[in-house]
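Read through the structure below, which is laid out as structure tokens, and then see the notes.
The values are calculated or read from the model by the stated rules, or taken from the named source; none is laboratory data. If you're wondering where the values come from, they're calculated on a predicted model, not measured in any experiment. With ideal geometry, Cβ positions are generated from the backbone for all residues, glycine too; neighbour counts draw on all protein chains shown.
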Amino acid sequence: MDKIVVQGGQKLKGEVFVSGAKNAVLPIMAAALLSEETSSIENVPNLRDVVTMMRLLRVLGAKVNFTSGTLEIKPGTGLKAVAPYHLVSTMRASVCVLGPLLTRLGQAEVSLPGGCIIGSRPIDLHLKGLQALGAEITIEHGYVKARASKGLRASDVYLGGSYGSSVLATGNVMMAATLARGTTYIENAACEPELVDLADFLAKMGAKIKGQGSHLIEIEGVRKLRGARHRIIPDRIEAGTFMVASAMSRGGDVTVRNSNPEHNHALLDKLRQAGVLVSKTKDTVRIRRNGLLRPVEVTTLPYPGFPTDLQAQMMALMTLTPGISVITEKIYPDRFIHVSELNRMGSKVFLEGSSAIVHGVSHLSGAPVMASDLRASAALVLAGLAAEGKTEVHRVYHLDRGYERIEEKLSALGASIKREKE
Ligand code: EPU
């Protein structure tokens, strides 16, 4: 297994290019199953999660080819209905194949994904939505068994849960409804940009969708979908991670290219409040840090609120911000596994229910730390870049699930960072 070794204290300066969005490409790969024909997806990041999804699509019978950032997916006519445990358990996004398989084949068996380190992650909203479209669902031997022998039929589906709307449940129901009879309305739909990208891909396949990006999505079912060509949007979380890295670096001046600033309003607002200079064009954001940071309060919320996937990185920034900052986590109340590792580096973070109280310290000191999930790993790398001395981030496979060549990109900005074998 690899580890990332960071020698802290280097100033970050220059330009960095953002890759395609992980959380857009994964459901779009599942959506390709809705047609027999070949779909071609461009700007696909080379990530572990993408490789896992490729393996799953192959197990389901699709032909998949990935070269130079372009994925060709040919589902053909012989799709299988079973998504096995060994793949679904390593990546929750695999649950996205449930809607497409069910609507195309009239049946699907997908292993229940189970919880994960960032907290309990039920799929009741996915199942509620598919049941509303007429699926009969049972849970047997750890698998969701869904059947719709006469095909799915449209319905009104309300998808709000205790923690707001659900991104992948909205995606699953949207995909299933594309081939259902009649017009489906998803109420309290999630409006994340990745879902807009999914809807745009579905529209290119011939689906009739309106309202994507709002809380009410209308899908008029069609009989058949075709293959489509599509380019994935930039990864707003990767972009945000580089923005926070620049803000943490004394004298940092990083221009994040190929990003969509529209998708990072909540982060940019907080960075400005923290005293960071933000300038942007249509597809670049420049983040300059001069002087001390100011404390801020952040609450994670569904889009367009502050993303939970940038919470850990923002906490790394707060550890070096004079005064008291507060983060409240409203999506995953237990997503604080990075706190103890940051504290091992000298930060002073106290947990109070689903809030973290961060007392800024004058410096962090490099240490060996253990990555526990994807975004926590990114936060530890950022902390290492700003810390005094050497930080080793172990269990880097988490980072590889969602960040493409992160050590190369950060090195090009002046960071002293390398990957080593354990
Ligand atoms: N929830 C339910 N029932 C459900 C589904 C979700 O109660 O049936 C709850 C969850 O437990 C959570 C909240 O609703 O408290 C929101 O979860 P959501 O369903 O929106 O999450 P997701 O769709 O499973 C996606 C991203 C996550 C990201 C969340 C929230 C992908 C592949 N994953 O997950 O990304 O944190 O939305 O924005 O799109 C990551 O990239 O590191 C990551 C974890």
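Just to be sure before I move on: is residue 77 more than 13 Å from the ligand (Cβ to nearest atom), part of a helix (DSSP H, G or I) and among the hydroxyl-bearing types (Ser, Thr, Tyr) in the structure I sent? No; evaluated as a whole, the condition is false for this residue. Applying the condition of being assigned to a strand (DSSP E or B) and either over 24 Å from residue 218 (Cα atoms) or not assigned by TED's automatic domain parsing to the domain that holds residue 184 (or both) to region 118-161 and asking which residue is farthest from the ligand (Cβ to nearest atom) yields 140.
Looking across region 148-157, just one residue is within 12 Å of residue 128 (Cα to Cα) and loosely packed, with under 15 Cβ neighbours inside 10 Å, and that is 156.
Based on what the data block shows, is residue 240 within 16 Å of the ligand (Cβ to nearest atom), farther than 30 Å from residue 11 by Cβ, of a type outside the set (A, V, I, L, M) and not in a strand (DSSP E or B)? So residue 240 fails the test. Note on region 346-390: residues that are of a type in the set (A, V, I, L, M, F, W, C), in contact (Cβ under 8 Å) with a residue 24 or more places away in the chain and not in a loop (DSSP other than H, G, I, E, B) amount to 16.
Count, please, the residues in region 166-186 that happen to be assigned to a helix (DSSP H, G or I), among the hydrophobic types (A, V, I, L, M, F, W, C) and either farther than 16 Å from residue 35 by Cα or away from the ligand (no atom under 16 Å from the Cβ) (or both). Number of matching residues: 5. Only a single criterion out of (1) within 25 Å of residue 234 (Cβ to Cβ); (2) within 13 Å of the ligand (Cβ to nearest atom); (3) at pLDDT 95 or above is not satisfied by residue 54, namely (2).
From 374, 399, 320, grab the single residue that is hydrophobic (A, V, I, L, M, F, W, C) and away from the ligand (no atom under 13 Å from the Cβ). Result: 320 is the single residue among 374, 399, 320 that is hydrophobic (A, V, I, L, M, F, W, C) and away from the ligand (no atom under 13 Å from the Cβ). Of all the listed residues (350, 336), the sole one being out of contact with any helix residue (DSSP H, G or I) (no Cβ under 7 Å at 6 or more places or on another chain), crowded, with 18+ Cβ neighbours inside 10 Å and among the hydrophobic types (A, V, I, L, M, F, W, C) is 336.
Working carefully through the options 390, 421, 409, find the one that is among the basic types (Lys, Arg), away from the ligand (no atom under 16 Å from the Cβ) and surrounded by 19 or more Cβ atoms within 10 Å (Cβ to Cβ).
Residue meeting the stated conditions: 409.
Here the condition is being over 30 Å from residue 237 (Cβ atoms) and in the same structural domain as residue 94 (by TED's automatic domain parsing); of 183, 178, it holds for 183 alone. Per the conditions (1) farther than 25 Å from residue 193 by Cβ; (2) within 16 Å of the ligand (Cβ to nearest atom), the sole criterion not satisfied by residue 65 is (2). Listed by first and then second residue, the pairs linking a residue in region 294-307 that is free of Cβ contacts under 8 Å to residues at least 40 places away in the same chain to a residue that is of a type in the set (A, V, I, L, M), with Cβ atoms under 7 Å apart and 6 or more places separating them unless they lie on different chains, are 294/274; 296/274; 297/326; 298/314; 298/327; 300/331; 305/266.
Screening the candidates 327, 331 for the property of being assigned by TED's automatic domain parsing to the domain that holds residue 238, assigned to a strand (DSSP E or B) and of a type outside the set (D, E, K, R) yields one hit, 327. Scanning region 84-117 for residues that are touching a Gly at 6+ places or on another chain (Cβ under 7 Å), assigned to a helix (DSSP H, G or I) and either buried (at least 22 other Cβ atoms within 10 Å of the Cβ) or at pLDDT 95 or above (or both) yields a total of 1. Filtered by the rule that a residue be among the β-branched types (Val, Ile, Thr) and surrounded by 24 or more Cβ atoms within 10 Å (Cβ to Cβ), region 168-187 gives 170, 173, 178, 184, 186. For region 149-164, filtering for residues that are at pLDDT 95 or above and either closer than 27 Å to residue 308 by Cβ or in contact with a Pro (Cβ under 9 Å, 6 or more places away or on another chain) (or both) leaves 3.
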